[in-house]
Amino acid sequence: MSPGAWFQPPRHLLASFLVFALAPVVALGWLGWRLLEQERALERQRARESLQSSADRIGATLARQLTEVEGRLSALAVASERQIESAASDLGNHSDDVLIVVMSPGGIDGYPTGRLLYYPVLPSAPDPPAEAFAQATAIEFRRKDPAGAAAAYRKLAGSPEPAVRAAALLGVARSLRKARNVTGALATYEDLARLGPTPVSGLPADLLAREERCALLAEVDRLPDSRREAAALYADLQGGRWRLRRAAYRFYTQEARARLAPSGDAGALDARAREQVALAGGAESLWEAWQALGRGEGAPAGRQVLRIDDRSVLLLWRSAPERMVALVAGRRFLESEWLSSVATAAGQQAVSPALTDAEGRLVAGRPPVGARAQVVRTPADTGLPWTLQVADRSPSPTRREFLTRWRLLLLGFAVMGSVVLAGGYFTLRAMSRELAAARLKSDFVGAVSHEFRTPLTALCQLAETFAQGRVADEAQRRQYYDLLLRETRRLRRLVEGLLDFGRMEGGVREYRSDPLDVGTLVRDTVADFQEEVARQGYRIELSCDEAGLRIRGDEEALRRALWNLLDNGVKYSPECLTVWVDVSRHGSELHLRVRDQGLGIADEERAQVFRKFVRGASSREAGVKGTGIGLSMVDHIVRGHRGRVTVESGPGPGSTFTVVLPLEE
Ligand code: ADP
């Protein structure tokens, strides 16, 4: 049966099978998908909760760190200068973007030393007495005699008073410049520089002298020298060498920077300097707070985030009587000292914290751009002076897991679908076979009834003829008796055949195992059959050269098998009236061949015709009557004798059935 044919029988069965088999698959698929979606949402929720707890933990850690530092500041407020210096250098070990400032009525100090670039206030230095310089000034400015003025100043330069000496050397150098004595002026500036931070005109002598040297060198076109000295001066300014007011720091920095500009090697210093300028700005605002405290205003302790020159600066301060100690910290300090440690302490989730000020500007950390999710904690939540933003930067593990699960689910459905389809296929096949068998059975019942009707009709007519005494003479009577006998035999064969078939089907047909002579068996059966069909003009040609071939078996059954084959040979050969029977030996096997020149059997039917109730299409089309059990009985009998039966139907007309049986030695 072709596969297409399996789908032929009741289509509504097929349709309902598909609906009942596929509907659960679809429903399960939908449920699975919903389940995955829910799980995904749950995981998102879990990630969000974990991020929130990370944010809380980070906020708490930062707050603790801040409180710790404030505690240290409280201790420093009453500590010695040395302790403050050492605490400041501890703090600044990892980052130089931090300083500690100490305010006292005497002024302001920054620690580590040199990190505070400018000061909001400086201790005032008294100017050298004006009368000492009166004469020299008069020579210089009124008489306009540079040589005389230089000599007068030089006299003063011998003073033991450093401030007087510094002011005098400045006068000498100025007068020599006016007298165009460049070498002398440069040498005098060098002398002046040696006086170090001695104040002259409110500025450190060495700063003034070195700046003047740079200017003079540039004036006389000794540019490389000027630039070299400007670079050193610039580095010293950024290294916080002098205590300067903001204006002086700015002015001298700009001057030195301007002389350096073409060389461009001050870039790195610039970046650092900008951070420290912001720190100095922070110190300046703390000084104002300290002043306010003096006036009884402001807070003796506090936290504040200030914006100075585009940079955020953190101020923490604590005061004790007559003193205020504060921490001024920039972005790099916050990141390296605090944020990096809280980020690693935040658990398995990869999070990155960021701090922003009240205006939402980034103070420290990584902006949460491109993060999977972020959580914000306001200063009110954390008590910190910043808004804390914590971003989740885990590489979307939930999505990966979701995809894996999705794939697994699909695989499950594929397996389930295949099982359902395979199950459906086999069920359909079995169903269609059962349906075909049922159809065959009903055909069989029809065919059997038909087979019975023919002899019964003949018997009935004969009986009527005898009953009515319509037999003309003895010859006719003889003829009628013959007919009566034939039809009765035919009926008996039919009934016995059906009974035998029933026994075979029920598995209760047992074959005897008598020694049989093949020649006799075949010859007798052929002779009986020949007699049966001679009237229709059929001839059976028997070829049995081998004598003495013996087999073991059930004579009656084997006769029936051969009879059935001969009967088919005659039935399905309407034109050629000869059927050939051929007995031969092949080794230890007997080959019994029944050949005809009739309708033949189509290729695709050849394997099927041995099954019960199966009838060939050509035989039905040709209108040949039959029940479809003849060959199945042959097959049963032959196999019951440990043999086999095959059929060949060549390209020409006709078919050959071969029964192979084991011979007795
Ligand atoms: P039946 O002859 O009653 O139909 P069988 O079991 O004897 O049943 O045969 C099954 C089918 O095999 C037949 O219907 C016929 O189509 C085919 N067949 C059997 N013998 C021959 C033959 N000798 N020539 C052609 N077709 C045959």
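The values are calculated or read from the model by the stated rules, or taken from the named source; none is laboratory data. Everything numeric in this text was worked out from a predicted model, so none of it was measured. So basically every Cβ, Gly included, is an ideal-geometry build from the backbone, and we count neighbours across all protein chains shown. The accessibility values were calculated without ligands, DNA or RNA, using every heavy atom of the protein model including side chains. Shrake-Rupley method; radii C 1.70, N 1.55, O 1.52, S 1.80 Å.
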Whole-Hz couplings from phi, Karplus 6.51/-1.76/1.60, listed for the stretch 108-117; x for Gly and Pro: 10, 10, x, 10, x, 4, x, 8, 7, 7
Taking all protein chains together and a probe of 1.4 Å, list F466, F141, F657 from the most accessible to the least accessible. F141, F466, F657
Could you give each residue of the stretch 575-587 its phi-based ³J(HN,Hα) in whole Hz, using Karplus coefficients 6.51, -1.76, 1.60 with θ = phi - 60°, and x for Gly or Pro? 9, 7, 8, 10, 10, 9, 10, 9, 10, 8, 10, 10, x
Rg to Rh quotient for the chain, alpha carbon positions, Kirkwood Rh: 1.63
Relative to the longest principal axis of the C-alpha atoms of the chain, give the angle of the C-alpha long axis of helix 246-260, reported between 0 and 90° and rounded to the nearest 10°. 70 degrees
Nearest 5 percent is fine: what portion of the DSSP beta bridges confined to the chain is antiparallel? 90 percent
Give me the compactness ratio for the stretch 22-80, meaning the Cα radius of gyration over 2.2 N^0.38 Å. 2.45
Can you pull out the GluC sites (Glu not before Pro) in the stretch 281-327 whose DSSP state is coil and whose Cβ has at most 16 other Cβ atoms within 10 Å? E297, E322
What longest range of the chain stays clear of loop-exposed trypsin sites (Lys or Arg not before Pro) (DSSP non-H/G/I/E/B, at most 10 other C-beta within 10 angstrom)? 296-469
Using only alpha carbon pairs under 8 Å that are at least six residues apart, calculate the relative contact order of the chain and give it in whole percent. 11 percent
Ignoring ligands, DNA and RNA, what percent of the accessible area of the stretch 225-376 is carbon or sulfur (1.4 Å)? 49 percent
Note the per residue figure in Å³ for the convex hull of the C-alpha positions in the stretch 116-246. 105 Å³
Roughly how much of W563 is accessible, in Å² to the nearest 10, using a 1.4 Å probe? 40 Å²
Please find the FRET efficiency linking L459 to A414, where r is the Cβ-Cβ separation and R0 is fixed at 45 Å, and quote it to the nearest 0.05. 0.10
Take R407 and A301, extend 7 Å from each Cα along the Cα→Cβ direction, and tell me the distance between the two endpoints in nm. 5.9 nm
Can you sort Y252, Y511 by 1.4 Å-probe accessible area, starting with the largest? Y511, Y252
Sorting L116, A157, I139 by the position of each Cα along the dipole of the stretch 99-157 (Lys, Arg +1; Asp, Glu -1; all at Cβ), the one nearest the positive end of that ordering is I139
Enter the angle in degrees (range 0 to 90, nearest 10) between the Cα long axis of helix 146-156 and the first principal axis of the Cα atoms of the chain, meaning the one along which they spread out most. 90 degrees
Mean residue ellipticity at 222 nm from the helices of the chain, using -39,500 (n - 2.57) per DSSP H segment of n ≥ 4 over the full residue count, to the nearest 500 deg cm²/dmol? -18500 deg cm²/dmol
Considering the Cα trace of the stretch 422-563, what is its radius of gyration and what is Dmax, both in angstroms? 21.2, 73
Angle between the chain longest axis and helix 81-91 axis [Cα atoms, degrees, rounded to 10]: 30 degrees
Please list the non-local residues whose amide H lies under 5 Å from the amide H of G196, H modeled 1.01 Å from N, same-chain partners needing a gap of 5 or more. D206
The chain accessible area per residue, 1.4 Å probe, protein heavy atoms, integer Å², reads 52 Å²
Quick one: accessible surface of I551, probe radius 1.4 Å, all protein chains present, in square angstrom to the nearest 10. 0 Å²
In the stretch 300-423, with Lys and Arg counted as +1 and Asp and Glu as -1 at Cβ, which of these residues, V376, V415, W386, has the Cα nearest the positive end of the dipole, that is, farthest along it? V415
Run through the stretch 536-567 and list the GluC sites (Glu not before Pro) located in a DSSP loop whose Cβ has at most 16 other Cβ atoms within 10 Å. E546
Tally up the carbon and sulfur contribution to the accessible surface of the stretch 546-665 as a whole percent, 1.4 Å probe, everything protein left in place. 47 percent
What is the Å³ per residue value for the convex hull set by the Cα atoms of the stretch 459-514? 91 Å³
Averaged over all viewing directions, the convex hull of the alpha carbons in the stretch 195-330 casts a projected area in nm² of 9.7 nm²
Above 15 angstrom, tally the Cα pairs of the stretch 44-122 and express them as a % of all pairs, no decimals. 66 percent
Treating only Lys and Arg (+1) and Asp and Glu (-1) as charged, each at its beta carbon, one finds that the chain has a dipole about its Cα centre, in Debye to the nearest 20, of 1760 debye
Hydrodynamic radius by Kirkwood, which averages 1/r over all alpha carbon pairs of the stretch 327-449, in angstrom: 20.5 Å
Taking amide hydrogens as modeled 1.01 Å from N in the peptide plane, which residues meet the under 5 Å criterion relative to G600, leaving out close sequence neighbours? G654, S655
